[in-house]
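One structure is given here, and the rest of the page talks about it.
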Amino acid sequence: MSKKNPVRTFFASVKLAIVLLVLISMASILGTLIPQQEAAGPFINRLSPSVADILRGLQLFNIFHSPWFIILLALLALNLVVCSLNRVPLAWTRFRQKSEPDRDDLFETIPPDQVVVKETSLSEETDRLEKLLGKKDRVGRKDMDDRSYLYVEKGAYSYFGVYCVHLSILVMMAGVIIGSFLGFEGYMDITEGESSAVVALQGGRGAKNLDFAIRCDRFFIDFYENGAPKTYRSDLTFLKAGSTVQSSSVLVNHPASFAGMRFYQASYGMIPTGDPVMTVALDDKKIKDVQVAVGMEFEIPEKKAKVEMTRVEENLMGMGPAVKLSIQSPAGHIQFWVFQAIEQIMQANPGILEQVTLFNPGLFEPYVFSLGQAGSRYYTGLQVTRDPGVPVVAAGAALMMIGLMIVFFCSHRQIWIRLDTRGEKTRISITGKSNRDAVGLNREIRKLLDAVILNRESAT
Amino acid sequence: MINTVILSWTTFIYFAAFAFYLVRMVSVRERWGRLGAATARIGLFAHTAALILRWVASYQMGMGHAPLSNLYESLIFFAWSIMALYLIVEWRTKSRSLGTFVVPVAFLCMAFASLSPNISSRIQPLIPALQSNWLTSHVITCFMGYAAFTVAFATGLMALLKGMERRARTGDGSAIYGKNANPSPMNFIRLIPAPGILDELIYQSTVLGFVFLTIGIMTGSIWAHYAWGAYWSWDPKETWSLITWLVYAVMLHARHVRGWRGQRMAVMAIIGFICVLITYLGVNYLPGLHSYQ
């Protein structure tokens, strides 16, 4: 063999693998103890700035995406590759190596209970046993004058099981890399009845314009009797150039797919919508809604009052939308402003209604005027993802399961049988070898012995 | 409800089974072992019946879901998995010594579920995130894995105790054996199977647990792919399940490649089980998507 490359030896060692696995585990533990990413904010505020800077420098608030964590994973991948490449040739040799049927050395030390003497002839017994061992082309046979040998093996592929698992980890890593480069994750909020074609990318990485639009036809919540949420559902329509291409309902656990992306029900909320509306209330009860416009007039018959909107301002004195009312009634003429954000204005300026009666929306007693919007509508919060790495990761997972099954539940078993004539009788000796499962091999030899003794046609 | 009443009784039945197994170890009389085994079987039967009744009750209440949806139900199912697996191992190995070490874990789970004031035993409707067919397969595979790791852990404890015997024997020898030996702690240890058998049991249950944990993580990933839009999000529970998986992977490599056996494997089985407990219960104290309600 050629001289070993020390770098290669280093990367092939199981010691390195164990050290890396321990380091990755410890980093992961840190990642569960220290709040990560968005969750780190309140935690950082409680730390002194210098400590926070050090931790941030070490990327401890985003461990799982930090370069040093990714380097650890890359080293593990390299370790897996080199270690497997170093050992696969040996597995291949073992896999290819076909044993000769006549291995007399193996029979020198077999226990006496693995030997049976029978009255039948050598050839008859050999033929029967050969059939018993399995299909003809899989059984090795060698006949000599006074003795015959049979050999059968199964599960030689089991030497590759562990490399199958190693490969599966690399395949999954490849899937993750594909996903991180070619995929994206983002969010879109769509109000009921409206459509959107813009996805806000995660982590404030800008926006992505879609070449189709999504309309939220309806958002729907249902509750259990105890008040716990039962269903969140968005009825979506996917539109291309204005025409409907697909209609889907999206529920939690039931995303919709369109154009290689998946749309998940992630959140919801209410937003006020519609045209501004002037509401007239008496004793906290709404008695009238009036559309807002300059010159709009309406009456309050109970007081024989005529109300006119004389001014409509988008933002009066930095305090938001406001409407100026002029009211003519038998009691006289008054004017005052109605602010939409009157609650906040009162909170920020206590006593303002007494000081500036012009701002008091209840000046025309006992009526109270307020400015609002026609209604509120639900919006649905959709998570949008595209991850072309998913099929690759899934393939890796399937490969891993196959590998684990081979590693843990399959073994290479070889069985040798020697038959030799003892006068009129035939002596049959059975022995075997297994790379992992001595108990299973022993059971199989016992079954064969039983079948030999009882002249059974099959070993099971 | 009738199922919670049966489950409270099951808790006491398991405690009785544990007590009988323990008396067997101390008194070296196999009839206590038979009593313990019979009690454990009765307990498992009642436990199974209660799970079925609870499942039926959830349909009668118009919710209709497997009893695997909150911390109470998961603890109950964990205990059930432990007892079912233990009784299979007892039947296969024809040894009742393991009962003294495994049954108390099942008992503690049941007692924790029944007695902790923060754990509600009511049948609750499924919130939208849990309304998935993957819930059942994910939870069952994970707890099968946890149960196997529990058996490995208990066997690990036995192996460490057995190791004390060997050390004691080198000091002061022959009195431990022989028919006239008095009941003593050494009798207790003597009834523990030979180290080779323990080692094999640790290995086999770890393998079983490892395969189930792998399937559990995979079914969880598939579920997360449909529910959260990402098959892996480094949520604390996901991360700890990975750490647990890595610890057992190290343990299996140490055995296959470096030939670790006996006491070292026992220690690894105990470390692994600590990780299982953190994955299962510890992460509820960390922020994340996965916590029980």
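Restricting to the stretch A:221-232, name every residue that is open to solvent by 60 Å² or more (accessible area, probe 1.4 Å) and closer than 14 Å to A:LEU251 by Cβ.
So in the stretch A:221-232, the residues open to solvent by 60 Å² or more (accessible area, probe 1.4 Å) come out as A:223, A:225-226, A:230.
Correct list: A:LYS230 only.
For B:LEU201, state whether it is surrounded by fewer than 19 Cβ atoms within 10 Å (Cβ to Cβ) and under 17 Å from the mean Cα position of the chain (by Cα).
Spelling it out, it is not the case that B:LEU201 is surrounded by fewer than 19 Cβ atoms within 10 Å (Cβ to Cβ) and under 17 Å from the mean Cα position of the chain (by Cα).
All but one of (1) open to solvent by less than 20 Å² (accessible area, probe 1.4 Å); (2) more than 23 Å from B:PHE20 (Cα to Cα) hold for B:PHE78; which doesn't?
Unmet condition: (2).
Can you tell me which residue within the stretch A:88-135, out of those that are open to solvent by less than 80 Å² (accessible area, probe 1.4 Å) and in contact with a Lys or Arg (Cβ under 7 Å, 6 or more places away or on another chain), is farthest from A:SER158 (Cα to Cα)?
So, considering only residues that are open to solvent by less than 80 Å² (accessible area, probe 1.4 Å) and in contact with a Lys or Arg (Cβ under 7 Å, 6 or more places away or on another chain), the one farthest from A:SER158 (Cα to Cα) is A:LYS118.
Looking only at the stretch A:22-32, filter to residues that are facing chain B (nearest Cβ under 7 Å) and open to solvent by less than 20 Å² (accessible area, probe 1.4 Å); which one of those is nearest to A:ILE63 (Cα to Cα)?
A:GLY31
Just checking, which of B:ILE270, B:ILE215 is more than 8 Å from chain A (Cβ to nearest Cβ) and either at positive phi or out of contact with any Lys or Arg (no Cβ under 9 Å at 6 or more places or on another chain) (or both)?
Exactly one residue qualifies, and that residue is B:ILE270.
Is at least one residue of the stretch A:249-271 away from chain B (no Cβ under 14 Å), modelled with pLDDT under 85 and more than 25 Å from the chain's Cα centre (by Cα)?
Yes, that holds for at least one residue.
Test each condition in (1) buried (at least 20 other Cβ atoms within 10 Å of the Cβ); (2) outside the structural domain of A:LEU129 (by TED's automatic domain parsing) for A:THR431 and report the one that comes out false.
(2)
The values are calculated or read from the model by the stated rules, or taken from the named source; none is laboratory data. Being a predicted model, the structure only gives us computed values, none of them experimental. Please note: Cβ atoms are built from the backbone with ideal geometry, for glycine as well, and neighbour counts cover all protein chains shown. To get the accessible areas, we keep the full protein, side chains included, count just its heavy atoms, and leave off ligands, DNA and RNA. Shrake-Rupley method; radii C 1.70, N 1.55, O 1.52, S 1.80 Å.
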